[in-house]
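Single-structure report; data block below.
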Amino acid sequence: MTIVALDLPGTGARHRETSPGDVPRIAEDCRSTLFRLGVDPPYRLLALSLGAMVALAWADRHPAEIAECVLINTSLRTYSPFYRRLRPRSYARLLYLALRDDARACETMILRLTSGQRDERLVDEWVTLRVRHPVTLANAVRQLFAAARYRPPRDRPAPPVLVLASRNDRLVHVACSKAIAAAWNCSLRIHPYAGHDLPLDDGAWVAEQVRHWTDGGGA
């Protein structure tokens with residue numbers, strides 16, 4: 001199995017690029033990237049938050065290319081109100097992140113907002129990445145609006161879907177994942193204590209849920 005960690009346009013190694021302003025175009029960009037890398041479908045997509053919306057748009061437009069989708073701590077405007085999709089208690093912190101130019105202060109705030117961890121070594125690593133691959137405010141705003149405006153397909157995409165969520169997500173309410181799973185009658189697993197960045201807080205749990213689901217133990 002080949003594992004490819006894709007950077008969305010405007011992030012990571014692609015931080016100098018302009019992020020598209022809508023989710024379907026981000027999906028098409030990711031698709032083109034895999035084609036250029038010579039990675040052939042079918043793909044198994046595992047994606048978090050905005051990335052999960054990108055995975056859905058991909059599966060909706062090109063279902064034959066996608067074997068499975070694992071959606072982590074995401075939300076869809078069709079099924080959840082705005083105050084659950086982005087919890088009000090996070091608004092002040094996000095404004096703080098937009099206005100501050102202190103890398104360590106910002107990465108510390110992001111860790112507190114998205115994770116239950118308090119490891120200063122992790123903050124050090126994130127500061128290094130921030131300096132090396134800075135995300136512009138304009139790209140961050142484009143991605144935020146892309147996520148807010150995205151309208152998912154009316155029906156569940158053809159590929160099998162697993163929804164993973166964190167009960168202690170301080171950014172996106174766990175009810176958003178429950179609403180998606182209920183609307184599409186797909187498998188749902190809820191972690192008892194992790195934050196928004198579920199793979200960071202308990203990657204082993206994520207791997208076990210995916211393995212169990214893929215093996216047919218809970219589909």
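Taking 0.36 nm per residue of sequence separation and removing the Cα-Cα distance, the ASP215/ASP155 pair yields an extension gain of 19.1 nm. Summed over the residues of the range 76-219 and divided among them, the accessible surface reaches 55 Å² per residue at a probe radius of 1.4 Å.
If R0 equals 30 Å, the separation of the Cβ atoms of LEU122 and ALA183 corresponds to a calculated FRET efficiency of about 0.30.
From most to least packed by mean Cβ count within 10 Å, the peptides 23-35, 62-74 give 62-74, 23-35. Helices in the chain, meaning DSSP H runs of at least 4 residues, each add -39500 (n - 2.57). Divided by all residues, the mean residue ellipticity at 222 nm is -14500 deg cm²/dmol.
Using heavy atoms of the protein chains and a probe of 1.4 Å, the accessible area assigned to LEU200 is about 50 Å².
For the pair TYR91 and ARG130, what calculated FRET efficiency results from E = 1/(1 + (r/R0)^6), where r is the Cβ-Cβ distance and R0 = 22 Å, to the nearest 0.05? Calculated transfer efficiency: 0.50. Take the Cα of ALA140, step 7 Å toward its Cβ, do the same at ASP102, and the gap between the two points is 1.5 nm. Shown for the range 78-117: the carbon plus sulfur share of the solvent-accessible area, taken with all protein chains present and a 1.4 angstrom probe, equals 58%. Based on alpha-carbon atoms, the Kirkwood radius and the radius of gyration of the range 169-219 give Rg/Rh equal to 0.98. Using the Stokes-Einstein relation with a Kirkwood hydrodynamic radius computed over Cα pairs, the translational diffusion coefficient of the range 25-157 at 37 °C and a viscosity of 0.692 mPa s comes to 196 µm²/s. With only Cα atoms counted, the range 117-196 has Rg and Dmax values of 16.4, 43 Å.
Please pull out the direction-averaged projected area of the range 12-61, using the convex hull of its alpha-carbon atoms, in nm² to one decimal place. Spell out each step's value before the answer.
Working: hull surface 15.2 nm².
Seen from a random direction, the Cα hull of the range 12-61 projects 3.8 nm² on average.
Going by average Cβ density within 10 Å per residue, which order do the peptides 80-89, 137-146 take, highest to lowest? Intermediate results must be reported in sequence, preceding the final value.
Working: 80-89: 14.3, 137-146: 16.2.
Those peptides, ordered most packed to least, come out 137-146, 80-89.
Once you reduce the range 153-219 and the range 120-140 to the center of their Cα atoms, the two points are 27 Å from each other.
Percent of alpha carbon pairs in the range 81-128 separated by more than 12 Å? Can you show the working numbers first?
Values: 713 of 1128 pairs.
Looking at the range 81-128, the distances longer than 12 Å represent 63 percent of pairs.
By a 1.4 Å probe calculation restricted to protein chains, MET109 has an accessible surface near 40 Å², given to the nearest 10.
The values are calculated or read from the model by the stated rules, or taken from the named source; none is laboratory data. Keep in mind it's a predicted model, so treat the numbers as computed, not measured. Cβ sites come from the backbone with ideal geometry, for glycine too, and all protein chains shown count toward neighbours. Heads up: the accessible areas ignore ligands, DNA and RNA and are worked out on the full protein's heavy atoms, side chains in. Shrake-Rupley method; radii C 1.70, N 1.55, O 1.52, S 1.80 Å.
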